[in-house]
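Participant: Starting off with a structure, shown below.
The values are calculated or read from the model by the stated rules, or taken from the named source; none is laboratory data. Small disclaimer: the values here were computed from a predicted structure and weren't measured. Cβ sites come from the backbone with ideal geometry, for glycine too, and all protein chains shown count toward neighbours. Surface accessibility is based on the protein's heavy atoms, side chains included, excluding ligands, DNA and RNA. Shrake-Rupley method; radii C 1.70, N 1.55, O 1.52, S 1.80 Å.
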Amino acid sequence: MAKLQHCPLDSGGWFMNPRSGIMTKGPCGEMVNTADLKSVDREVMGVQVPPRAPLRTMFFLAGLLFLAGWARAGGAAFLEPQGCTLKNGMQVVVIGNHRSPVVCHSVWYKVGSADEDPSRPLGLAHFCEHMMFRGTKANPGQAFKDAMQRMGAEHNAFTSHDCTAYHQMAGVEHLETLMALEADRMLNLQVNLDDVATESKVVAEERRMRYENRHASQLDEKAWSCLFAHHPYRFPVIGWAEDIRQYTPGLVRMFYKKWYQPANAILVVAGDVTLDQVRTLAEKHYGCLPSAPPCRRKRLVEPPSHAASVRLVKTTDQTRLPDLALYWRTPAVTSKETLKTAAALQVVCRVVGQGRTSRLYRALVEQHKLASTVGMNYHELRDAGVVELSVSPVAGVSAEALEKAVDEVLGDLARNPVTAAELASVRARLLGELDYVRDSLEKSVITVGLTLAADLGLDVLESWPEAIGRVSLADVAEASRILVNRTERVVAVLEPAGGDAPDQAIKSARKDQKQASKKKGKAA
Amino acid sequence: MKALVFRVLCIFLVSGHLQVQAALEVQDIVTPQGVKVWLAPCSGPVVSLRVVFRGAGACCDPEGKAGRACVFADMCLEGAGDLDSAQLAGRLEDLSSRVSLEAGRDHMVLHVLALRRHLDATCRLVREILFRPRLQAASLEKVRRKHLADLAFLQGDPGWMLQKAALRSAVGYTNKKGPLHAYARFPTEQTLNALTLDDMKDVFRFRGLDTMDVTVAGNLTRPEVVRLVQDMFAGMAPHADKAFTEDVALPVEGSVLVLDKDIPQSMIAFFQPGVAARHPDYHAAVVLDGVLGGGAILSSRLAREVREKGGYAYSVGTSLLEDAHMVRWAGRAGSSGETALKAVQTIRKVWSQIAENGVTVQELEAIRDYLAGSWPLGFTTSEDITERLAWLRLQGRSVDDVNAYPAAIRKITPDHVRRVARESLDPRRLCFVIVGRPAPLQGITVQAMSPSVLD
């Protein structure tokens with residue numbers, strides 16, 4: 001749904017930063033008082049799952065890869081985080097940014113939907129995240145939220161496949177209180193039957209909003225379950241509708257006790273602070289908490305797909321034009337050394353499908369006039385990477401025609417690989433964009449949090465600019481093979497109900513078929 | 001010992017920082033040419049520059065040509081000066097800059113996001129985009145294709161349907177009766193196909209120095225900004241033409257209108273007349289809205305009643321929505337078919353309770369703390385800063401108001417809020433528009449909306 005985001009008509013989504021003032025991006029550019037408004041879509045506690053491909057970025061290492069870039073001339077620094085570990089095993093990372101007297105405080109638990117026990121109802125990680133706002137003994141009911149209000153703090157949380165994160169933004173003078181509150185609910189959550197019953201209904205509504213109401217999202221959900229046939233990434237983070245009906249306090253407590261431990265948690269703080277300040281406060285509030293040893297994450301390994309591609313088609317009355325998406329699995333980043341592949345893949349994606357100068361855009365939108373938008377997204381999860389390509393046609397063009405055109409461009413990569421000029425240009429762009437990440441407290445925190453929650457070290461994060469700087473043409477050619485390979489991918493087509501669009505490709509395909517069968521007839 | 005000294009020093013530095021930086025410095029500048037600029041000098045590598053062309057939005061679209069402003073805005077990025085579309089895009093990417101031009105209902109907004117070191121080069125490109133966009137037949141066709149595709153894509157989208165239906169209901173155009181206000185005109189296949197290059201050239205006259213606001217945040221000095229703005233807008237017409245738009249009179253009676261669609265969760269929009277930014281009770285209304293359905297996450301009355309207690313919705317909220325000719329107190333909610341009308345009933349109940357009794361002292365103090373305390377959080381990035389400052393300027397504020405907001409909020413008393421609630425919140429005027437298939441509920445009368453209202 002790259003389309004919905006870029007629609008100049010400003011469709012019904014509310015994309016708003018609740019802290020700043022407005023400015024358009026409300027439906028049809030209305031002036032929105034966002035000092036008061038909570039965007040309906042942003043008022044999220046939980047899964048940030050977009051309706052279609054390219055938006056998953058924020059909550060994956062993609063945050064890192066997408067915006068990755070260079071730091072300074074010759075330097076290899078990215079965010080320059082400083083870290084330490086508390087006595088009980090809790091990791092602490094600090095990113096200094098002294099521009100405003102503000103701090104972004106976050107706690108990341110190394111548990112996501114992919115760590116759930118598949119013999120139990122799914123979506124527990126996400127549900128547990130919801131329950132974390134329902135109160136503890138010391139801060140029952142609304143106390144946590146009231147405290148946030150009193151401090152003038154913004155706060156939220158999200159769950160992903162590999163992690164669950166709780167984050168706040170407030171004046172730096174409130175850092176200690178934020179820690180105290182977060183430390184309290186790390187071990188002292190109260191889970192009662194009434195709250196579970198009501199919150200289950202809330203999560204059911206969330207699922208309806210994100211999936212059951214949106215056919216495109218359902219197709220995306222299905223595509224992921226095909227891309228990962230065995231690995232738990234195949235499960236939706238929010239769980240299936242049937243699962244959401246089966247939550248009990250016992251299930252939540254069991255999950256919570258197992259995974260919510262200091263040794264399984266990472267504190268990431270960015271803002272007008274130093275490591276010493278944060279460490280002192282962290283030792284006082286988090287360091288004293290008892291901890292079980294960190295949990296071991298055991299997940300099924302995804303076997304090779306045996307060169308079988310999958311094509312999904314979903315018919316819908318929610319659109320009058322078809323939509324096409326392609327998905328690929330890529331190797332995981334597990335160390336500094338394997339970062340090279342990710343860097344090369346990031347370059348390939350930029351050249352092939354991101355932005356108006358990309359090969360797919362130029363061919364499909366400009367040259368052949370088949371598509372209105374092209375979006376490509378690459379992000380790394382803990383155990384694999386995923387590349388998603390989304391293409392929306394102009395009127396009168398079928399999904400088949402789009403697919404054929406996409407295959408031509410991707411196939412061309414083998415004959416005409418990424419050139420030295422393309423590599424140099426994309427490298428410079430990726431590196432130049434890094435300043436945007438460093439400028440934002442939230443982006444810095446998310447980038448660090450996602451990296452560590454994926455069990456990678458800060459050294460891997462910091463070597464990203466160097467990895468980009470070192471990508472060679474050979475690396476890129478190697479990475480391109482993933483996209484050129486047509487036998488190991490998922491193709492997902494959204495078809496409008498009632499009538500196919502007249503289209504040249506289909507006509508000529510039928511013509512070819514007729515000729516072929518005529519020849520057969522003759523031979524027989 | 002050393003560690004202690006370091007810590008003390010750090011604390012001192014932080015406090016000192018707090019005293020200096022608690023207020024955002026904003027300079028009010030008028031360039032020799034007459035461009036009105038607000039500059040918020042700040043550290044950091046990112047510069048945000050926002051230009052609001054007031055009154056140059058979709059309201060300027062001529063009859064039968066709805067969509068012109070949006071198409072024009074997109075065309076401006078399809079090549080400018082000596083650069084074609086790909087070259088312009090490539091140049092901007094090389095500079096790590098992002099330039100966007102968007103037409104809203106009332107205004108057209110240019111946003112430039114650039115790294116300080118690439119600012120000058122970026123601004124030269126922006127000047128070309130503003131004054132010499134390549135408005136050619138090929139790019140008109142390309143942009144038209146895209147908009148037609150977007151339209152076709154959205155036709156069956158329930159969110160899009162809701163937005164359209166709610167706006168049309170707000171301006172009194174339900175079941176195709178009544179005049180069609182500019183705000184309720186949406187692009188159609190017909191209007192998009194009717195657009196010509198001459199139509200595009202006609203848009204320039206709605207831009208002028210007298211209706212422009214420029215807001216800049218970044219590591220720049222006053223002389224640098226003046227020079228930059230002078231260079232960017234040299235030759236800009238002194239006066240902009242204005243399109244006349246009527247004020248909207250919102251419906252006098254509340255209602256619950258349903259546009260049938262077979263989706264599991266009904267999408268609900270609701271509104272009544274709002275309180276305008278220039279109204280003396282505005283800040284009290286902001287505080288009131290914070291308690292009602294806005295404010296801090298999951299802390300409003302509606303969030304508590306509809307979501308936390310009822311479990312009827314995942315998302316529910318309100319805000320004051322102000323356009324140049326329409327001020328609404330508006331909200332949204334999403335609830336499954338079985339519970340949608342229960343959600344409506346609860347919203348009405350909360351609305352009535354607060355209209356009659358105001359809010360509790362505890363609620364008031366909490367929301368005051370939140371609104372006042374979180375205000376500085378909107379000033380942590382250049383982009384956020386210009387977004388908010390541009391918004392304040394549209395409200396008619398001065399630079400002094402930028403930092404006076406928290407104090408204005410903290411002054412609001414329970415009595416003031418109670419009076420504003422009594423005078424402004426009117427549950428009988430609350431209009432609900434629902435896209436979905438809500439199950440009937442005793443006590444709630446529902447009217448069907450004809451699907452042709454979306455045509």
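Participant: Starting from the exponent 0.38 and prefactor 2.2 Å, build the expected Rg for region B:117-190 from its residue count and divide its actual Cα Rg by it.
Facilitator: For region B:117-190, the normalised Cα radius of gyration is 1.62.
Participant: Sticking with this one: To two decimal places, what compactness ratio does region B:35-80 give when its Cα radius of gyration is scaled by 2.2 N^0.38 Å?
Facilitator: Computed over Cα atoms of region B:35-80, the ratio equals 1.63.
Participant: Still on this structure, please answer the following. If packing is taken as the mean number of other Cβ atoms within 10 Å per residue, what is the order of A:202-214, A:415-427, highest first?
Facilitator: The peptides rank, most packed first, as A:202-214, A:415-427.
Participant: If you don't mind, another one. Separation of region B:246-274 and region A:75-124 by C-alpha centroid, Å?
Facilitator: Taking the Cα centre of each part, region B:246-274 and region A:75-124 sit 43 Å apart.
Participant: With the crude spin-label approximation of a point 7 Å out along Cα→Cβ, what separation in nm comes out for B:LEU180 versus A:ARG296?
Facilitator: 6.8 nm
Participant: In peptide A:193-205, how many Cβ atoms from other protein chains are near each Cβ within 10 Å, on average?
Facilitator: 4
Participant: Let me ask something else about it. I'd like the distance separating the alpha-carbon centroids of region B:369-440 and region B:57-118, in whole Å.
Facilitator: When both Cα centres are located, 29 Å separates them.
Participant: Each residue of region A:401-413 in order: what ³J(HN,Hα) in whole Hz does its phi give by Karplus 6.51 cos²θ - 1.76 cosθ + 1.60, θ = phi - 60°, with x for Gly and Pro?
Facilitator: Karplus values, whole Hz, x for Gly and Pro: 5, 4, 4, 4, 5, 4, 4, 4, 5, 5, x, 5, 4.
Participant: Can you compute the helix-only [θ] at 222 nm over the protein assembly as shown? Use -39500 (n - 2.57) per DSSP H run of at least 4 residues, normalise by all residues, nearest 500 deg cm²/dmol. Please report the intermediate quantities before stating the final value.
Facilitator: Working: 34 runs with 385 residues, N = 979.
That comes out to -12000 deg cm²/dmol.
Participant: To make sure I understand the rule: partners must be aspartates and glutamates, Cα under 16 Å from the Cα of B:LYS309, and not fewer than 8 residues away in the same chain. Which ones qualify?
Facilitator: Filter leaves A:ASP194, A:ASP195, A:GLU199, A:GLU205, A:GLU206.
Participant: Starting from the Cα of A:LYS340, draw a straight line to each of the aspartates and glutamates and keep only those under 17 Å, dropping any in the same chain fewer than 8 residues away.
Facilitator: Candidates past the 8-residue exclusion: A:GLU380, A:ASP383, A:ASP459, A:GLU462, A:GLU466, A:ASP475, A:GLU478.
Participant: Under a 1.4 angstrom probe, counting protein chains only, how are A:CYS226, A:CYS163 ranked by accessible area, largest first? Could you put the intermediate results ahead of the total?
Facilitator: Working: A:CYS226 40, A:CYS163 5 Å².
If we order A:CYS226, A:CYS163 from most to least accessible, we get A:CYS226, A:CYS163.
Participant: When the convex hull of the Cα atoms of region B:407-455 is projected onto a plane and the area is averaged over all directions, what value comes out in nm²?
Facilitator: Reported value for the Cα convex hull: 6.7 nm².
Participant: If you take all C-alpha pairs in region A:224-269, what percent of them are over 18 Å apart?
Facilitator: Of all Cα-Cα pairs in region A:224-269, 54 percent lie more than 18 Å apart.
Participant: Still on this structure, please answer the following. Cα-Cα pairs above 12 Å in region A:270-309: how many percent?
Facilitator: 76 percent
Participant: Sticking with this structure for a sec: According to the square roots a ≥ b ≥ c of the eigenvalues of the Cα gyration tensor, what is the shape class of chain B, taking rounded for a/c under 1.5, prolate for a/b larger than b/c otherwise, and oblate for the remainder? If you can, show how the numbers build up before the last one.
Facilitator: On the way: a/c = 1.94, a/b = 1.13, b/c = 1.72.
Since a/c reaches 1.5 but b/c is at least a/b, the shape of chain B is classed as oblate.
Participant: So for each of A:477-487, B:213-223 I average, over its residues, the number of other beta carbons within 10 Å; can you give me the resulting order with the highest mean first?
Facilitator: Per-residue Cβ counts within 10 Å, averaged per peptide and sorted highest first, yield B:213-223, A:477-487.
Participant: Here is a follow-up. Taking the highest mean first, how do the peptides B:311-320, A:283-292, A:235-244 order by number of other beta carbon atoms within 10 angstrom per residue?
Facilitator: B:311-320, A:235-244, A:283-292
Participant: Strictly over 23 Å apart at the Cα level, which of A:LYS258/A:LYS298; B:LYS65/B:LYS242; A:LYS201/B:LYS342 would you flag in this model?
Facilitator: Values: A:LYS258/A:LYS298 14 Å; B:LYS65/B:LYS242 17 Å; A:LYS201/B:LYS342 14 Å.
The answer is none of them.
Participant: Nearest 100 Å² is fine: how much accessible area is buried between A and B, summed over both sides, with a 1.4 Å probe? Write out the running numbers ahead of the final one.
Facilitator: On the way: alone 23150 and 21720 Å², together 35220 Å².
Looking at A and B, the buried total is near 9600 Å².
Participant: How much of the DSSP bridge set in the protein assembly as shown is antiparallel, in percent, rounded to the nearest 5?
Facilitator: Among the beta bridges of the protein assembly as shown, antiparallel pairing accounts for roughly 80 percent.
Participant: Taking amide H atoms as placed 1.01 Å from N in the peptide plane, list the residues 5 or more away in sequence, or in a different chain, whose amide H sits under 5 Å from that of A:ALA395.
Facilitator: B:ALA149
Participant: Pop out the carbon and sulfur fraction of the accessible area of chain B as a percent, whole number, probe 1.4 Å.
Facilitator: On chain B, the fraction of accessible area on carbon and sulfur atoms equals 53 percent.
Participant: What's the average, rounded to a whole number, of partner chain beta-carbon atoms within 10 Å of each residue's beta-carbon in B:99-106?
Facilitator: Mean shielding count: 5.
Participant: What net charge do the residues around A:GLU337 carry, taking every other residue with its C-beta under 15 Å from that of A:GLU337, with Lys and Arg at +1 and Asp and Glu at -1?
Facilitator: In short, -3.
Participant: Here's a follow-up. P(r) for region A:367-466, please, calculated from all Cα pair distances in 10 Å bins and given in %.
Facilitator: Whole-percent P(r) values from 0 Å outward: 11, 29, 32, 23, 5, 0.
Participant: One quarter of the convex hull surface, Cα atoms only: what value does that give for region B:269-344 in nm²?
Facilitator: 5.0 nm²
Participant: Across region A:143-148, in residue order, what do the Karplus-derived ³J(HN,Hα) couplings come to in whole Hz, using 6.51 cos²θ - 1.76 cosθ + 1.60 with θ = phi - 60° and x for Gly and Pro?
Facilitator: Coupling constants for region A:143-148: 4, 4, 5, 4, 4, 4 Hz.
Participant: Taking each residue in B:266-278, count the Cβ atoms of any other chain within 10 Å of its Cβ, then average. What number comes out?
Facilitator: 1
Participant: Here's something else I'd like to know. What's the Cα-based Rg to Rh of the protein assembly as shown, Rh via Kirkwood?
Facilitator: 0.94
Participant: Need one number: the % of Cα-Cα pairs in region B:270-416 sitting beyond the 28 Å mark.
Facilitator: 21 percent
Participant: How large, in Å, is region A:262-406 by the Kirkwood hydrodynamic radius built from its alpha-carbon pairs?
Facilitator: Mean inverse Cα-Cα distance, inverted, gives 19.4 Å.
Participant: Also, quick follow-up: First obtain the Kirkwood hydrodynamic radius of region A:414-469 from its Cα pairs, then insert it into the Stokes-Einstein equation at 25 °C and 0.890 mPa s, and state the resulting D in µm² per second as a whole number. Kindly include the intermediate steps, with their values, before the conclusion.
Facilitator: On the way: Rh = 13.0 Å.
Reported coefficient: 189 µm²/s.
Participant: Could you give the radius of gyration (one decimal) and Dmax (whole number) of the Cα atoms in region B:183-320, in Å?
Facilitator: 22.6, 60
Participant: Within a Cβ distance under 15 Å of B:ASP120, other residues only, what is the Lys/Arg minus Asp/Glu net charge?
Facilitator: Surrounding charge for B:ASP120 is +2.
Participant: Students often forget the sequence filter, so: which aspartates and glutamates lie under 17 Å Cα-Cα from B:LYS36 once same-chain residues fewer than 8 apart are removed?
Facilitator: List returned: B:GLU25, B:ASP28, B:ASP210, B:ASP213, B:GLU224, B:ASP231, B:GLU387, B:ASP400, B:ASP401.
Participant: Can you tell me the mean projection area, over all orientations, of the convex hull of region A:148-299's alpha carbons? Units nm², please.
Facilitator: 11.2 nm²
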